[in-house]
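What follows is a single structure, written as structure tokens, with notes after it.
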Amino acid sequence: MIHSVLGGGVTALCCAMALSDRGLDVEVIVPDGAPEPASRFAGGMLAPFCEGESAPELIVAKGQAAVNWWAAHVPGVVRRGTLVVAPPRDVSELERFARATRVHEWVAPGDLEPDLAGRFARGLFFSSEAHLDPRYALSSLKSSLESRGVSFRTGAPRGRIVDCRGLSSHDELVDLRGVRGEMLIVHAPDVALTRPVRLLHPRFPCYIVPRENGRYMIGATMVESARRGCVTARAAMELLSAAYTLHPGFAEAEILELGAGLRPSFPDNIPAIRHAADRIHVNGMYRHGFLMAPVCAEQLATELTELYAHAD
């Protein structure tokens, strides 16, 4: 039986890969006129323990499998952990973060990132976490699937339908909502960071993720809004201000891109697999797309292979 996976974002590609890994017949259908997937605007942090600050234990426990999954399927996974810091006036935020999370150690930030020496007295280091470049990872997954003979097309689905269209599935998943995220990509040759750094702030925390060739992704806005469109001036100013607080070298950075995406989210902010009469929905990744899409994809692939084994 052919499995038609609908969508062009991280969830669809992970599902297609997991099904292909099991030897199932797969095609990927990207609907005509579909908006750019939110995963293209992601930070690409594989940080289950940091997410434990606000996410339920299920995300922390299951998300730990993501690092090895991505490393097995795409090049470019960087295993250098996550560093969390806060300005002296917000040290209570750092202590709160430590209480809310686990599997970390207290460090002197400058020992890990020399560019931060003398700027922050203490930090939290989550050594088992990792990061990747989302767009490169998505491109690599697509290329790998194509090399296996998986076709990418538009048009009507066939066979068993796996619907991973994100917010475009709202007509069938009525409790799905959009959570807006905004980000910047800058070129900052005066900054040298080698791992994701989270800067804590009681009102506007942010993260900064290194890319290649002196580029950095700056993000973290979480707005309960389904409004599409460009990054707001407020968000851009706050993100840049936070980056400058981390390192003054960001003041001279060139802004290469501003982008915004809508994260598909269920009321409990936990991704889910839902079975409908004519399809299977894999959706609701919220802010955990690169962390939880592989987990949901593997769960789906296991369910289907067991179903076929019982049928035989």
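Summary of computed values
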item	result
Matching strands (runs of 3 or more DSSP E) fully within segment 146-259 where at least 1 residues are touching a helix residue (DSSP H, G or I) at 6+ places or on another chain (Cβ under 7 Å), surrounded by fewer than 20 Cβ atoms within 10 Å (Cβ to Cβ) and charged (D, E, K, R)	none
Segment 139-156 residues that are closer than 10 Å to V74 by Cα, paired with ones that are β-branched (V, I, T) and surrounded by 10 or more Cβ atoms within 10 Å (Cβ to Cβ) (beta carbon under 7 Å, 6 or more apart)	S140/V74; L141/V74
Of all residues making up segment 108-126, the number that are on the phi > 0 side of the Ramachandran plot and within 25 Å of the chain's Cα centre (by Cα)	0
Leading residue by the ranking (nearest to H131 (Cα to Cα)) among those in segment 273-294 that are of a type in the set (G, A, S) and crowded, with 17+ Cβ neighbours inside 10 Å	G289
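Every read-out reported here was derived from the displayed coordinates using simple, explicitly stated rules and does not represent laboratory data. All of these numbers come straight from a predicted model, not from anything done at the bench. As a convention, Cβ positions derive from the backbone with ideal geometry for all residues, glycine included, and neighbour counts pool all protein chains shown.
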